[in-house]
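The block underneath contains the structure these notes are about, expressed in structure tokens.
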Amino acid sequence: MKLFYVLISLLLLLPPSFAGSTPNLVIIFADDLGYGDLGSYGSPVIRTPNLDRMAAEGLRFTDFYSAAEVCTPSRAALLTGRYPIRSGMCGNRRVLFPNSKGGLPPAEITIAEALQPAGYATAHIGKWHLGIHEGSRPNEQGFDFSFGLPYSNDMDARAEILKGKGGSGSPNPPHDGWNVPLLRDGKIVEQPADQTTLTKRYTDEAVKFITEKKGGPFFLYFAHTFPHVPMFASPAFKGKSRAGIYGDAVEEIDWSTGEILEALRRHELAENTLVFFTSDNGPWLIMGDQGGSAGLLRDGKGSTWEGGMRVPGIAWMPGRIKPGVTPQLAHTMDLLPTALALAGTPAPDGLTLDGTDLSPLLFESKTLPPRPFFYYRGDQLFACRLGEWKAHFKTQTGYGQPKPESHEPPLLFHLGRDPSEKRNVAADHADALAQIQQAVKGHQSGIVPGAPQLR
Ligand code: MG
């Protein structure tokens, strides 16, 4: 009897085993969705019942970060598990433009490339924005299948159509005002892409991929085009939210997420699929009604204030992840190490990673080791967080402030007592500042900047 109890106790201590059926991974990445734009994150006006249910059934992060303040570096970091300074996917131009010479270097290893040797089927659906030249495109960065836009939906503007109709921030943009193509495995299937039905078509493709690959394992990287301006929604959603076309676009993404989770349930894959929902950066505040909300956080997209980089983060895997809310710090660069752990695959030799495996937190409710988080604007380090303390060495509003302001001594905020970063308490907490400066020193000594790609 005693031996029996000892054995049972030992079994209970074992980490959850995924032996037998390798788990699937789905990452859903919204574009420019703010920290305050979901019901479960406090939005009083945008209805997100599917994401709220996902949060109630899963683990909702209060302190989850994108690894950059704008699109291209954020995506590079998520897919490689590395600060974008290492891949060169950041700089003064901020993002890749259609005339940029570079792209995600072929030598970088994406989550898709890391999972392929473990037998994963891989798909990219939605926005890419990591390069249009050979070696940087989705099919050359580990994705068996790709369907979506090569870059942002406001690029390739057609001046002749847009004349007099407002720019990308218009509340009612012309559907053919941007010449961005829709690609399937690198081939143009529609140009200009009809943006009004993009979310619906992305979702159909995602559900089809899940259905076809239900034997698993699979990795789906679903990067929405919205709610990035110009804002569009399908007829079923247009004009339906209280928050204008921005709210319509977010509510359609909520619907889409519900469709993905429902497909997983239908195929009995829910308990064997980690789904992670997040956003590439904060809300684009200068877009007014067409920009979202960072809630109580300061500033938005483009800045290293909290509103620029702290974003919704929801992990879902019913039966494996205990429902709850966690204040632990995590970020998009953790997803690659977490994916490797799920797959039971070691990290590629010699690869420097900036993330950590979230499995102990997700599956065993453990506390992650304390670690600093670094806030870059382009290739410049602007701020660092350690525990509840955040120091700003430089500050600059996301858009509109031409030059950064340097701070010596740095500004210091306590993100627990002052999440809106209003009260600089550097003068009273020299010890916290010294610890952060130590962390920055260690970080910078290990950084080898990659060749700049955005030029
Ligand atoms: Mg973005």
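The values are calculated or read from the model by the stated rules, or taken from the named source; none is laboratory data. Here the structure is a predicted model, which is why all the values come from computation and not from measurement. We place every Cβ from the backbone using ideal geometry, glycine too, and count neighbours over all the protein chains shown.
Numbers at a glance
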{"read-out": "Leading residue by the ranking (surrounded by the most Cβ atoms within 10 Å (Cβ to Cβ)) among those in the stretch 401-455 that are among the hydrophobic types (A, V, I, L, M, F, W, C) and over 20 Å from PHE373 (Cα atoms)", "value": "LEU454"}
{"read-out": "Residue match in the stretch 248-268 (condition: part of a loop (DSSP other than H, G, I, E, B), in contact with a Gly (Cβ under 8 Å, 6 or more places away or on another chain) and away from the ligand (no atom under 16 Å from the Cβ))", "value": "no"}
{"read-out": "Among residues of the stretch 28-80, those that are over 22 Å from PRO372 (Cα atoms), of a type in the set (Phe, Trp, Tyr) and away from the ligand (no atom under 16 Å from the Cβ), counted", "value": "1"}
{"read-out": "Residue, nearest to TYR399 (Cα to Cα), within the stretch 269-293, restricted to residues that are away from the ligand (no atom under 16 Å from the Cβ) and either in contact with a His (Cβ under 9 Å, 6 or more places away or on another chain) or part of a strand (DSSP E or B) (or both)", "value": "PHE276"}
{"read-out": "Among the candidates SER74, SER21, SER40, residue that is among the polar types (S, T, N, Q), modelled with pLDDT under 95 and in contact with a helix residue (DSSP H, G or I) (Cβ under 8 Å, 6 or more places away or on another chain)", "value": "SER21"}
{"read-out": "The stretch 295-319, subset under 15 Å from the mean Cα position of the chain (by Cα) and aliphatic (A, V, I, L, M), residue surrounded by the fewest Cβ atoms within 10 Å (Cβ to Cβ)", "value": "ILE314"}
{"read-out": "For PRO283: the one exception among (1) of a type outside the set (Asp, Glu); (2) under 21 Å from the mean Cα position of the chain (by Cα); (3) closer than 26 Å to PHE209 by Cβ", "value": "(3)"}
{"read-out": "Candidates ALA243, ALA236, filtered to the one that is more than 22 Å from the chain's Cα centre (by Cα), away from the ligand (no atom under 16 Å from the Cβ), in the same structural domain as LEU149 (by TED's automatic domain parsing) and within 23 Å of TYR399 (Cβ to Cβ)", "value": "ALA243"}
{"read-out": "Enumeration of residues in the stretch 20-56 that are among the basic types (Lys, Arg) and farther than 27 Å from SER168 by Cα", "value": "ARG53"}
{"read-out": "Every pair of residues 6+ apart whose Cβ atoms lie under 7 Å, when the first sits in the stretch 440-455 and is among the small types (Gly, Ala, Ser) while the second is surrounded by fewer than 15 Cβ atoms within 10 Å (Cβ to Cβ) and modelled with pLDDT under 95", "value": "none"}
